[in-house]
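Single-structure report; data block below.
The values are calculated or read from the model by the stated rules, or taken from the named source; none is laboratory data. As the structure is a prediction and not an experimental result, all values here were calculated from the model. Cβ sites come from the backbone with ideal geometry, for glycine too, and all protein chains shown count toward neighbours. SASA here: full protein model, heavy atoms, side chains in, ligands and nucleic acids out. Shrake-Rupley method; radii C 1.70, N 1.55, O 1.52, S 1.80 Å.
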Amino acid sequence: MTDAIETPLSTPGDAAATSPRRPRDTGVGRRHLRRLLTPWTIVILTPLLVLALDPTNLGPVVGFAARAFAGTLPYIAFAVILIAWLKAAGAEAVVGRAFQGRETQAIMLAALFGGLAPFCSCEVIPFIAGLLAVGAPLSAIMAFWLSSPLIDPPTLLITAAALGWPFAVGKAVAAVALGLFGGFAVKAMVRGGLFADPVRAISTGGCGCGPSPFKGKPVWRFWTEGARRGVFRTELAENALFLVKWLAMAYVLEALLVTYVPASLIAGVVGGDGVGSVVIAALVGMPAYLNSYVAPPLLAGLMEQGMAAGAAMAFMVAGAVSSIPAMAAVWSLVKPGVFATYLGLGVSGAIVAGLIFQLAI
């Protein structure tokens, strides 16, 4: 069968003469856009906008952000050195062994070590894929998934710098408790017949973030090997840049929050000691998608404006569980039912953590 409407043959020259010339899409525009959409853009443009629109508040905004950032620098330095040491030593092997042995023991160790794992956001995916491939229990993996986004050495120190050590310790306890809660809940679900086939088609290949966590043993004296010294230097530089840019943005946003958002508005929505403020904070925190480095400074500003401590804890826990890297790691490896369970356990655990923290302080 032929087409009902036939088009005449044409030569390349005819096409050039009759068609407007369109620039070839080289992707340059997209690359420039990605460069602009970075934390540095907010750090630079925010003072310029304040200068243009409200010059009298330029000094207070810049001064607040600078003082807050300077106060965090010792914590940043220690956190960067610690995470580089863990990576250079190959501490992933310790975390991998936590999933071996009996299921109950694996759940407890996975919840505990979830806060110590020195993984970048892309390395979590092949690490968990490998665990699933060798038959690690889904309950232990869920415990790791729930505790890992909440706390790690840099997050602990940054939270302490912004909100104080009681809040940082409370968050660490909440991370382990949420991991245990989720792990044992999934264990009961599996025994009840759920999640018989929870895993998508997965590959255990890495992403270029480092060596396989299933090989070798940690070398805590990493400086004795040239390759590990190289890893230390690379991780030190990359993590320092990562933390500096995100925290600079966080403190600039906190300065805007404290300067321009009325305290009465915050106190009216998430202030007070009631259950309602904690639930609202958890539900708002879930779609906020704030990583654990940006959230503490912003919550410090919200608490100065009247946000209750329990609501702040619920917001932080829910936001960490629903951050883009955390959700991507879960969604890419398991089927929708397990993913929905992850989110449900995360938001319910955030509410409980907020209520308990509110009572404890």
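Tabulated data
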{"read-out": "Selection count where residues are of a type in the set (Phe, Trp, Tyr) and either over 17 Å from PHE181 (Cα atoms) or in a loop (DSSP other than H, G, I, E, B) (or both), scope region 312-361", "value": "2"}
{"read-out": "Single match in PRO218, PRO213 (criterion: open to solvent by less than 70 Å² (accessible area, probe 1.4 Å), over 13 Å from LEU132 (Cβ atoms), in a loop (DSSP other than H, G, I, E, B) and modelled with pLDDT under 75)", "value": "PRO213"}
{"read-out": "Residue in region 149-166 that is among the polar types (S, T, N, Q), open to solvent by less than 20 Å² (accessible area, probe 1.4 Å) and within 27 Å of ILE81 (Cβ to Cβ) present", "value": "yes"}
{"read-out": "Residue in region 151-171 that is of a type outside the set (Phe, Trp, Tyr), in a helix (DSSP H, G or I), in contact with a Lys or Arg (Cβ under 7 Å, 6 or more places away or on another chain) and farther than 20 Å from GLN358 by Cα present", "value": "no"}
{"read-out": "Pairs with Cβ under 9 Å, 6+ apart, first in region 46-75 and over 21 Å from ALA160 (Cα atoms) and open to solvent by less than 70 Å² (accessible area, probe 1.4 Å), second assigned to a helix (DSSP H, G or I) and acidic (Asp, Glu)", "value": "none"}
{"read-out": "Test for LEU180: is it closer than 14 Å to PHE113 by Cα and surrounded by fewer than 23 Cβ atoms within 10 Å (Cβ to Cβ)", "value": "yes"}
{"read-out": "Tally, over region 326-361, of residues that are open to solvent by 10 Å² or more (accessible area, probe 1.4 Å), β-branched (Val, Ile, Thr) and either within 12 Å of LEU146 (Cα to Cα) or touching a Pro at 6+ places or on another chain (Cβ under 9 Å) (or both)", "value": "3"}
{"read-out": "Filtered residue count, region 285-301, keeping only those that are open to solvent by 20 Å² or more (accessible area, probe 1.4 Å) and modelled with pLDDT of 80 or more", "value": "1"}
{"read-out": "Residue count, region 128-150 (criterion: outside any helix (DSSP H, G or I), touching a Ser or Thr at 6+ places or on another chain (Cβ under 9 Å) and among the aliphatic types (A, V, I, L, M))", "value": "2"}
{"read-out": "Matching entry among ILE83, ILE76, ILE125 (being part of a helix (DSSP H, G or I), closer than 27 Å to GLU238 by Cα and at pLDDT below 70)", "value": "ILE125"}
